[in-house]
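The structure under discussion appears below in the form of structure tokens.
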Amino acid sequence: MRKAKKKVVKKKAVAKKKVVKKKVVKKVRCGALTKDGKRCKRMVAPPAKYCHLHKGYKKPAKKKK
């Protein structure tokens with residue numbers, strides 16, 4: 001009788017993933033005013049000043065006394 005040959009399974013080389021440290025970004029509130037005159041409650045990551053809804057927002061002109 002012949003001996004049965006064992007199948008040799010080669011394992012694929014697995015590339016090690018680099019661990020990338022993420023910078024912690026402190027979010028701030030959107031600087032735009034709503035129609036009611038209240039500040040927008042959405043949060044944005046610097047250097048952005050306004051949320052996606054207020055993109056292109058211009059501050060209202062200050063009233064003279």
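Taking the options 27, 23, name whichever one is at pLDDT below 90 and under 15 Å from the mean Cα position of the chain (by Cα).
Working: 27 fails: at pLDDT below 90.
Within the list 27, 23, the selection yields 23.
Between residues in the stretch 36-49 that are without any contact (Cβ under 8 Å) to a residue 40 or more places away in the chain and residues that are of a type in the set (Ser, Thr, Tyr) and exposed (fewer than 13 other Cβ atoms within 10 Å of the Cβ), which pairs lie under 9 Å by C-beta distance while being six or more apart or on different chains?
As it stands, the answer is 40/34; 41/34, since those pairs meet every condition given.
Scanning for something loosely packed, with under 14 Cβ neighbours inside 10 Å, free of Cβ contacts under 8 Å to residues at least 60 places away in the same chain, hydrophobic (A, V, I, L, M, F, W, C) and not in a loop (DSSP other than H, G, I, E, B), does the stretch 19-30 turn up at least one residue?
Yes; the residues of the stretch 19-30 include at least one that is loosely packed, with under 14 Cβ neighbours inside 10 Å, free of Cβ contacts under 8 Å to residues at least 60 places away in the same chain, hydrophobic (A, V, I, L, M, F, W, C) and not in a loop (DSSP other than H, G, I, E, B).
Would you mention how many residues in the stretch 34-65 are part of a loop (DSSP other than H, G, I, E, B) and either closer than 25 Å to residue 23 by Cβ or of a type in the set (A, V, I, L, M) (or both)? Walk me through how you get there before you give the answer.
The first filter runs over the stretch 34-65 and keeps only residues part of a loop (DSSP other than H, G, I, E, B), leaving 34-38, 40-42, 45-51, 55-65.
Retained after the next criterion (residues that are either closer than 25 Å to residue 23 by Cβ or of a type in the set (A, V, I, L, M) (or both)): 40-42, 45-51, 55, 61.
Adding up the residues that qualify gives 12.
The values are calculated or read from the model by the stated rules, or taken from the named source; none is laboratory data. Keep in mind that this is a model prediction, so the values were computed, not measured. Neighbour counts are summed over all protein chains in view; Cβ atoms, including those assigned to glycine, are modelled from backbone coordinates with ideal geometry.
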